[in-house]
Amino acid sequence: MGRSASVGKWQRRPQRVGVAVKVSSPDAVALGRRLLAELNRRGVEGVVEAESAVALGAALGPPRSALGGEVDVVLVLGGDGTFLAVTRGCPTRTPVAGINLGTMGFLTEHAPDRALDLLESVLVGEVEVEQRDRLCVAVESSSRVSGQFALNDVTISKSAPARVLTILVEVEGEFLSRYRADGLILSTPTGSTAYNLSAGGPIVHPALEALLITPICTHDLSNRPLAVPLTLPVTAWVEAGAEDVYVTLDGQIGLPLQPGVKVTVSRADQPLSLIREPSSSFFAILHKKLKWGEREG
């Protein structure tokens, strides 16, 4: 099996535990304070990223994007949006656990009522860690997003309704297609349940090493979602005449994209280390989140 399917034990006793919360959620803030109090009681340093520190009344820590590089493990209390913001800068050596205090929570799979049990497992170094592939993004003539990671997806789209985009795509230097659509999503299997799913793309098990190419509202019905090996770099650009186009990472970081400027997406050399809920599985999450198999009435 490939790297993205790698599951193993993380057997370290952390000295510094990073904490980030969804600051707009009172429940996340309250639970964050409980976890910090428990860390203090156990003599383990809790490091709170800057945005969360204000809400938690804690010492000001590093920015969200830098938290993972300064601690041994990270706990994220919130939804998938908070999780994506915190983990973008996390190196592979720093595992992350997401505690679901949002809505769907495909990435934040740990239940809040088991947060203290999770913390205990983390502190004794007995948790399961799964590596999830990320995408590395390179944009010609730009350093703003180049080299950054995306866990879910990279999207090329318009900032507002306008004329249809024409997006050209190459796979490993070979021309693939000319998409006439409202945009294009390049997604990991982890991100297959995010924007890709809303655009009609397939749900893909995270163990598969694939890159999903999904047009948004295509105007050519022969252009269907396509999965290619993750080992093959994909390059996309928009034709001349396009206006107000952006390339966006995980729906959070955006950069204006001029016609002809190429965006290349490839497999990142650092996957994300995700702390799993041992009693759960990808299929169980699908059943729970998407209500699969439930009868109405």
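Checking the structure you have, find out if any residue of the range 22-29 is among the basic types (Lys, Arg) and under 25 Å from the mean Cα position of the chain (by Cα).
Going through the range 22-29, the residues among the basic types (Lys, Arg) turn out to be 22.
With under 25 Å from the mean Cα position of the chain (by Cα) added as a condition, the list becomes 22.
The answer is yes, given that some residue of the range 22-29 is among the basic types (Lys, Arg) and under 25 Å from the mean Cα position of the chain (by Cα).
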Answer yes or no: is there a residue in the range 104-116 that is of a type outside the set (Phe, Trp, Tyr), under 25 Å from ALA284 (Cβ atoms), within 15 Å of the chain's Cα centre (by Cα) and in a helix (DSSP H, G or I). no
Please enumerate the residues belonging to the range 43-57 that are farther than 14 Å from ALA85 by Cα, out of contact with any helix residue (DSSP H, G or I) (no Cβ under 6 Å at 6 or more places or on another chain) and not acidic (Asp, Glu). GLY43, VAL44, VAL47, ALA53, VAL54, GLY57
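Just checking, does the range 241-258 include any residue being more than 19 Å from the chain's Cα centre (by Cα), modelled with pLDDT of 95 or more and surrounded by 15 or more Cβ atoms within 10 Å (Cβ to Cβ)? Even if it seems obvious, please write down each step before you answer.
In the first step, residues of the range 241-258 are kept if they are more than 19 Å from the chain's Cα centre (by Cα); the result is 241-245, 256-258.
Filter once more, so that each one left must be modelled with pLDDT of 95 or more: none.
No.
Right, VAL122: crowded, with 19+ Cβ neighbours inside 10 Å, outside any strand (DSSP E or B), β-branched (Val, Ile, Thr) and more than 14 Å from the chain's Cα centre (by Cα) or not? Reasoning before the result, please.
Working: crowded, with 19+ Cβ neighbours inside 10 Å: yes; outside any strand (DSSP E or B): yes; β-branched (Val, Ile, Thr): yes; more than 14 Å from the chain's Cα centre (by Cα): yes.
Here the answer is yes, as VAL122 does meet what is asked.
The values are calculated or read from the model by the stated rules, or taken from the named source; none is laboratory data. Quantities reported herein were computed from a predicted structural model and do not represent experimental measurements. Every residue, glycine as well, gets a Cβ built from its backbone with ideal geometry; the counts of neighbours run over all protein chains shown.
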